[in-house]
């Protein structure tokens, strides 16, 4: 879109009291935003309230600055760092999947190497490796090739591993992972998706739907992750540049996560988790909801158990999901969720208290190698601490060299 068209869309989105519903009514009656602002007051009053009409007649004070910021942001677009786009409702590049939800955004801000404009296989695509030459065409995105993965911001160690391995396997099978760039499960899912994108694959690894402007990465810890997603997938937001991380924006963006995917996998979630909002929206859209069961003693598993009781599909491996989705197969991809030391995220700081060691154990059986990877303790030190917890009745030693945290601890 050119600068004048962008200005008109931004003005419509900034007009006080003009929400998405009223804006769509105005667009249906008068056409493009430029035409809306050319209408006489009497015509606008046929669609909008007096206060809304008054707002439409005056240019918002924030418009000039936002226009300059957005236009400068668009001019920084490049192939290597990811294309930057602003796509308006009704534009050919607007994702059809979001047109089908109850409240599609007026504008979408996109940054990455993927696009909704073609929805066709890209001929002569460059390899997907980070070491490969920059792509000359965007990866195509269709909802039928997308699956959402969501969950707790404070997952158990096993939940983090599950999110990463499920995402990795699903991408290897030809799917694109959609998530929200939050700490915890979201971040692990994006990381796994990036790991799963094979060299030469012709699809985006992952889509991050964020609750801020695309010029603000939240949380800051995911700044590097967001950069890598832009190089191998897509960052997407409905919020104007400069929008800070407001609490109300994150539950609202969940409708986009659900809308962009053909189903949603909930890895871990408490009963009051925002992930359950995404799952509900997915179900209301007639799509599949998948949930991974966990320990009955883990608060992070109760949301998943509630979803399973309500009819969500219980899954134990990525293969369970792929069998539900026509046209995808794991083939020779390993889908087992065994945890090795290399699978488990570690911390530079060693565990120096029984409480932290119990946290590292999580609620699922875990081997000594994986636990050592989580804690960075020496083998002798770790075994000594586990023995102490075992004698105190807080940890049980299981067959096969596994350890498990006991209920109530």
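The values are calculated or read from the model by the stated rules, or taken from the named source; none is laboratory data. Being a predicted model, the structure only gives us computed values, none of them experimental. Positions of Cβ are backbone-derived with ideal geometry, glycine not excepted, and every protein chain shown enters the neighbour counts.
Here is the figure for the range 144-164: residues that are part of a helix (DSSP H, G or I) and more than 20 Å from residue 365 (Cα to Cα) total 2.
So residue 278 clears everything in (1) in the same structural domain as residue 253 (by TED's automatic domain parsing); (2) within 21 Å of the chain's Cα centre (by Cα); (3) under 22 Å from residue 170 (Cα atoms); (4) at pLDDT below 95 except one condition, right? Which one? With (1) in the same structural domain as residue 253 (by TED's automatic domain parsing); (2) within 21 Å of the chain's Cα centre (by Cα); (3) under 22 Å from residue 170 (Cα atoms); (4) at pLDDT below 95 applied to residue 278, the lone miss is (4).
In the range 15-52, the residue that is nearest to the chain's Cα centre (by Cα) out of those that are surrounded by fewer than 17 Cβ atoms within 10 Å (Cβ to Cβ) and within 25 Å of residue 241 (Cβ to Cβ) is 20. For the range 361-389, taking the residues that are in a helix (DSSP H, G or I) and free of Cβ contacts under 8 Å to residues at least 12 places away in the same chain, the one that is surrounded by the most Cβ atoms within 10 Å (Cβ to Cβ) is identified as 381. Can you name the condition, by its number, that residue 223 falls short on among (1) surrounded by fewer than 21 Cβ atoms within 10 Å (Cβ to Cβ); (2) assigned to a loop (DSSP other than H, G, I, E, B)? Checking residue 223 against (1) surrounded by fewer than 21 Cβ atoms within 10 Å (Cβ to Cβ); (2) assigned to a loop (DSSP other than H, G, I, E, B), the one that fails is (2).
Taken over the range 251-272, the criterion of being assigned to a loop (DSSP other than H, G, I, E, B) and crowded, with 23+ Cβ neighbours inside 10 Å is satisfied by 261, 267, 268, 269. The lone criterion from (1) in a helix (DSSP H, G or I); (2) in the same structural domain as residue 227 (by TED's automatic domain parsing); (3) out of contact with any strand residue (DSSP E or B) (no Cβ under 9 Å at 6 or more places or on another chain) left unmet by residue 97 is number (3).
For the range 17-27, a residue qualifies if it is without any contact (Cβ under 8 Å) to a residue 40 or more places away in the chain and out of contact with any helix residue (DSSP H, G or I) (no Cβ under 9 Å at 6 or more places or on another chain), and the qualifying residues are 19, 25. Note on the range 282-293: among residues that are part of a helix (DSSP H, G or I) and free of Cβ contacts under 8 Å to residues at least 40 places away in the same chain, the one that is nearest to the chain's Cα centre (by Cα) is 283.
Considering only residues that are in a helix (DSSP H, G or I) and in contact (Cβ under 8 Å) with a residue 12 or more places away in the chain, which ones fall in the range 28-46?
29, 30, 33, 34, 36, 37, 41, 43, 44
Could you identify the single residue in 53, 69 that is over 24 Å from residue 177 (Cβ atoms), in contact with a helix residue (DSSP H, G or I) (Cβ under 6 Å, 6 or more places away or on another chain), outside any loop (DSSP other than H, G, I, E, B) and modelled with pLDDT of 95 or more? Can you show your working first?
Values: 69 fails: in contact with a helix residue (DSSP H, G or I) (Cβ under 6 Å, 6 or more places away or on another chain).
The match here is 53.
Residue 70 - would you say it is more than 29 Å from residue 225 (Cα to Cα) and touching a residue at least 12 places away in the same chain (Cβ under 8 Å)? So residue 70 fails the test. Out of 236, 214, 170, I need the residue that is outside any helix (DSSP H, G or I), in contact (Cβ under 8 Å) with a residue 60 or more places away in the chain and over 12 Å from the mean Cα position of the chain (by Cα). Which one? One residue alone meets the criteria, 214. Look at the range 91-111: where a residue is without any contact (Cβ under 8 Å) to a residue 12 or more places away in the chain and a partner is surrounded by fewer than 21 Cβ atoms within 10 Å (Cβ to Cβ), sitting 6+ places away or on another chain with Cβ atoms under 8 Å, you get 99/89.
A quick yes/no check of all residues on (1) surrounded by fewer than 14 Cβ atoms within 10 Å (Cβ to Cβ); (2) part of a helix (DSSP H, G or I); (3) modelled with pLDDT of 90 or more:
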site	(1), (2), (3)
295	no, no, no
304	no, yes, yes
326	yes, no, no
332	yes, no, no
338	yes, no, no
344	no, no, no
348	yes, no, no
403	no, no, yes
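Let's see how each residue does on (1) at pLDDT 95 or above; (2) within 24 Å of residue 86 (Cβ to Cβ):
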| residue | (1), (2) |
| --- | --- |
| 180 | yes, yes |
| 197 | no, no |
| 202 | no, no |
| 207 | yes, yes |
| 211 | yes, yes |
| 217 | no, yes |
| 223 | yes, yes |
| 263 | yes, no |
